[in-house]
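Below you'll find the structure, written out as structure tokens, and then a few comments.
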Amino acid sequence: MSSGKILCSTGALLLYGGDYRLLEPLSKQLRCDGFEFMMDCPYYQEMEALKRFLQESGLYIPVVHCEKSIGENISTGKEAQWADAYEKFEMNCDIAQSIGAKMIVVHLWDGLTSDSNFQNNIAGYPRLNQIAQRYGLDLLVENVVCSVENPMKHFCELNETYPNVHFVFDTKMAAFHGQIDLLYETEYEWLWRRKQIRHFHVNDYAGGYMDWGNLRSLPIGKGKIDFKRFFDFVKKIGYDDFFTVEATAHNGAGVVDVDMLNGQFAYIRASLGAVEK
């Protein structure tokens, strides 16, 4: 039986840059174990108020997901953008440390530039990791979709250069590149045997290979991923850490489908053989 904890991404609940104070009443309706806080650009303008709210809310937030422009700025490789990326990353780490988070997720490459200058992303990783360590955080690189190569190739390149690098494996991102089944192959077992995958994002995907028009975070069961095989695998390898649900639950007007999310949490617990909350 796995004892993994099930988190809900705040990005599933709030519109981009939405009112984070809504998390408190929503948390009382959700049967997850905690939250992965998604940092958005507008929050930089009210960092102290955000920090104070999260500290006083009592919400359990063991994982923070960095604001996504950080990876895009690193990808450009220009000095001003790199300085901005490191400054913003430090602000993300400060928030994470202040609320007792232990992990911080980064899109090491992102945006229009994506992985087209991957040498920049390789070069930018050590500074990010150094900053994260200073704040007592485990830095996790996500298998973000690529426009040039593919995320598993980049995981391997990062591992070759930095053997202690840690990852978050997103099922949707992997399926977008036709790479979900690579997780189960002997060639990539180092990812879990050496515990370099420290976290999973569990989202479904309904599109085909690199189908940009269908790149959405869907609830489990609304796409094509074989989640029975996935959860059987994570139980078999003894993974017992966090799973984050990111399926978009708001309707664009801010109304949140709480029942859908609670159904996702229940499905994951049942798949892991865990007791329902």
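Taken over the range 171-202, residues that are surrounded by 15 or more Cβ atoms within 10 Å (Cβ to Cβ), outside any helix (DSSP H, G or I) and out of contact with any Lys or Arg (no Cβ under 9 Å at 6 or more places or on another chain) amount to 7. For the range 75-89, the criterion of being out of contact with any Lys or Arg (no Cβ under 9 Å at 6 or more places or on another chain), closer than 19 Å to residue 11 by Cα and touching a residue at least 24 places away in the same chain (Cβ under 8 Å) is satisfied by at least one residue. Once the range 212-227 is narrowed to residues that are touching a residue at least 40 places away in the same chain (Cβ under 8 Å) and of a type in the set (A, V, I, L, M, F, W, C), the residue that is most open to solvent (accessible area, probe 1.4 Å) is 215. Each residue in the range 21-48 was checked for being out of contact with any Gly (no Cβ under 6 Å at 6 or more places or on another chain), more than 14 Å from residue 94 (Cβ to Cβ) and among the hydrophobic types (A, V, I, L, M, F, W, C), and 7 pass. Determine, yes or no, whether residue 151 is within 18 Å of residue 75 (Cβ to Cβ) and at pLDDT 95 or above. It is true that residue 151 is within 18 Å of residue 75 (Cβ to Cβ) and at pLDDT 95 or above. Restricting attention to the range 248-263 and to residues that are assigned to a loop (DSSP other than H, G, I, E, B) and β-branched (Val, Ile, Thr), the residue that is nearest to residue 9 (Cα to Cα) turns out to be 248. Filtering the range 214-227 to residues that are within 14 Å of residue 248 (Cα to Cα) and outside any loop (DSSP other than H, G, I, E, B) leaves 214, 218. Close contacts from the range 248-267, counting a first residue that is closer than 17 Å to residue 216 by Cα and modelled with pLDDT under 95 and a second that is among the β-branched types (Val, Ile, Thr) and assigned to a loop (DSSP other than H, G, I, E, B), with Cβ to Cβ under 7 Å and a gap of 6+ residues or different chains, come to none at all.
If you check residue 186 against the conditions, is it modelled with pLDDT of 95 or more and touching a helix residue (DSSP H, G or I) at 6+ places or on another chain (Cβ under 9 Å)? Against the criterion (modelled with pLDDT of 95 or more and touching a helix residue (DSSP H, G or I) at 6+ places or on another chain (Cβ under 9 Å)), residue 186 does not qualify.
Summed over the range 154-170, residues that are charged (D, E, K, R) and closer than 14 Å to residue 188 by Cα total 2.
Only one of the listed residues (167, 155, 230) is in contact (Cβ under 8 Å) with a residue 40 or more places away in the chain, of a type in the set (Phe, Trp, Tyr) and not in a loop (DSSP other than H, G, I, E, B). That residue is 230. Annotation note: of 207, 273, the sole residue that is open to solvent by less than 50 Å² (accessible area, probe 1.4 Å) and at pLDDT below 95 is 273. The set of residues in the range 138-170 that are closer than 21 Å to residue 126 by Cβ, among the β-branched types (Val, Ile, Thr) and open to solvent by 20 Å² or more (accessible area, probe 1.4 Å) contains only 161. Considered as a group, the residues in the range 112-134 that are touching a strand residue (DSSP E or B) at 6+ places or on another chain (Cβ under 8 Å) and not hydrophobic (A, V, I, L, M, F, W, C) include one that is farthest from residue 95 (Cα to Cα), and that residue is 125.
Checked against the criteria, residue 112 does not count as open to solvent by less than 30 Å² (accessible area, probe 1.4 Å) and out of contact with any Pro (no Cβ under 8 Å at 6 or more places or on another chain).
Inside the range 116-137, can you point out the residues that are surrounded by 23 or more Cβ atoms within 10 Å (Cβ to Cβ) and not small (Gly, Ala, Ser)? Residues satisfying the conditions are 121, 128.
The values are calculated or read from the model by the stated rules, or taken from the named source; none is laboratory data. Everything numeric in this text was worked out from a predicted model, so none of it was measured. Using ideal geometry, Cβ is built from the backbone for each residue, glycine included, and neighbour counts are taken over all protein chains shown. In case anyone asks, the SASA skips ligands and DNA or RNA and just uses the protein heavy atoms, side chains included. Shrake-Rupley method; radii C 1.70, N 1.55, O 1.52, S 1.80 Å.
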